[in-house]
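Structure first, then comments.
The values are calculated or read from the model by the stated rules, or taken from the named source; none is laboratory data. Quick caveat, the model's predicted, so the values are computed rather than measured. Virtual Cβ from ideal backbone geometry, glycine too; neighbours counted across all protein chains shown.
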Amino acid sequence: MHRIPPRLPYLYPLLRTSLTLAAQRSSCAHLATSSNLPPVQHIFNRSVKKRQRDRAALRKESRDVDYLKDEVADRLVDRLLDIKRRFSKVIDLGSGAGHIIKFVDSDMMDKLIMYDMSEKLLYRDKDIEYEVPTERIAGDEESLPFEENSVDAIMSSLSMHWVNDIPGTLIQAQRALKPDGVFIGAMFGGDTLYELRTSLQLAEIDREGGVSPHISPMTDVRDVANLLQRAGFNLITVDVDEIAVNYPSMFELMDDLRAMGESNAIAARKPYISRDTLMAAAATYKEIYGNDDGSVPATFQVIYMIGWKPDPSQPKPLARGSGEVSFKELEQGLTAGKLKEDQDGIVIGPPPSPPSGKK
């Protein structure tokens, strides 16, 4: 059961669309290296983000705002459960205080390595005993210390949207995985907090005559499969969730974001927002998006991704044109009720009638 603060009674999924994306595109059919990747753009100030996480860990209400990250971690672990194997060593990349660890057990893995840039956040709940043994390592998600072919799985829940070099981090993760190892991640997508973004932009245009970036740019869902493939992953799957949380007003939303360590960390950010602009943004937010009960919704788009490190044991697609039955023939056979037996003796056609006396 997830802990949700009393002032936030509504946490529910709006949409879950599964998009299984092809893992082979001619434009990205090679393993990315430092020579063919574009230069890294330092959009985020990582030092600022570390300070924000450190401060968040020290806030007394820090655990009260775990509701969103716990929810996403739970859904991420569900995807791990779909893999019918037991893992020896798993890395939680950008673990924060520990959200994935709350939902795994000893039947799933032998050990979980929690890795995060904020040592204060990493050790916030160090006195809590979990079923799975843990190891905590403080370090930057953009520079992984793990040896090649050393871990069975890497998970990352709501941390990678603050990484400047996502392709580089994915390449390092792929290198650390053993052959047939799996990467399972979740990050905020481009539609996250669109209500807040729009309200702030409209208020700034009206009160200040211009717009400054106050919400971090997010990765588009259409780019995720390409990023995984460029890092050398196979059998790629991408899912999209949207989670809506209702808040009394825009100010409670912004306060919770600070307590989560999710405040703005754009390198070129404006240092402050005037009170007049904030009040105008709150009024705009409520007018455009407000609920009938007076609360305002905040939408968090979550992109889930799965990619596998290549291994000879993995299934491979058949060569184009190798099929012996066309879709047209299959459709005609099913429509006419005819049976067609292929070379392996597999019968294609309508299911047989049940034996007499049985349903």
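Would it be correct to say that Asn264 is at pLDDT 95 or above and either over 25 Å from Lys49 (Cβ atoms) or surrounded by 18 or more Cβ atoms within 10 Å (Cβ to Cβ) (or both)?
no
Return a yes/no flag: does the stretch 77-86 have any residue that is touching an Asp or Glu at 6+ places or on another chain (Cβ under 8 Å), modelled with pLDDT under 90 and basic (Lys, Arg).
No: zero hits.
Scan Pro317, Pro312, Pro248 and give me the residue that is out of contact with any strand residue (DSSP E or B) (no Cβ under 7 Å at 6 or more places or on another chain), surrounded by fewer than 15 Cβ atoms within 10 Å (Cβ to Cβ) and at pLDDT 95 or above. It would help to see each step written out before you state the result.
Working: Pro317 fails: at pLDDT 95 or above; Pro312 fails: at pLDDT 95 or above.
Exactly one residue qualifies, and that residue is Pro248.
Looking at the structure I just gave you, is Asp239 under 19 Å from Val72 (Cβ atoms), in contact (Cβ under 8 Å) with a residue 60 or more places away in the chain, in the same structural domain as Ser156 (by TED's automatic domain parsing) and of a type outside the set (A, V, I, L, M, F, W, C)? Can you show your working first?
Numbers: under 19 Å from Val72 (Cβ atoms): yes; in contact (Cβ under 8 Å) with a residue 60 or more places away in the chain: yes; in the same structural domain as Ser156 (by TED's automatic domain parsing): yes; of a type outside the set (A, V, I, L, M, F, W, C): yes.
Yes.
Examine the stretch 211-232 for a residue that is in a strand (DSSP E or B), out of contact with any helix residue (DSSP H, G or I) (no Cβ under 7 Å at 6 or more places or on another chain) and buried (at least 20 other Cβ atoms within 10 Å of the Cβ), and state whether such a residue exists.
no
Out of the strands (runs of 3 or more DSSP E) lying entirely within the stretch 107-204, which hold 3 or more residues that are under 26 Å from Asp82 (Cβ atoms)?
109-116, 151-157, 177-188
Return the residues of the stretch 57-69 that are buried (at least 20 other Cβ atoms within 10 Å of the Cβ) and either in a loop (DSSP other than H, G, I, E, B) or charged (D, E, K, R) (or both); say none if nothing qualifies.
Residues satisfying the conditions are Asp66, Lys69.
This table checks each residue for (1) among the charged types (D, E, K, R); (2) out of contact with any Leu (no Cβ under 6 Å at 6 or more places or on another chain).
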| site | (1), (2) |
| --- | --- |
| Tyr115 | no, no |
| Ser118 | no, yes |
| Tyr130 | no, yes |
| Thr134 | no, no |
| Ile137 | no, yes |
| Asp140 | yes, yes |
| Glu147 | yes, yes |
| Ser150 | no, yes |
| Ser156 | no, no |
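Residue by residue through the stretch 233-265, note down the ones that are of a type in the set (S, T, N, Q) and in a strand (DSSP E or B). Spell out how you get there, then give the answer.
Residues of the stretch 233-265 of a type in the set (S, T, N, Q): 234, 237, 246, 249, 263-264.
Listed by number, the residues that qualify are Asn234, Thr237, Asn246.
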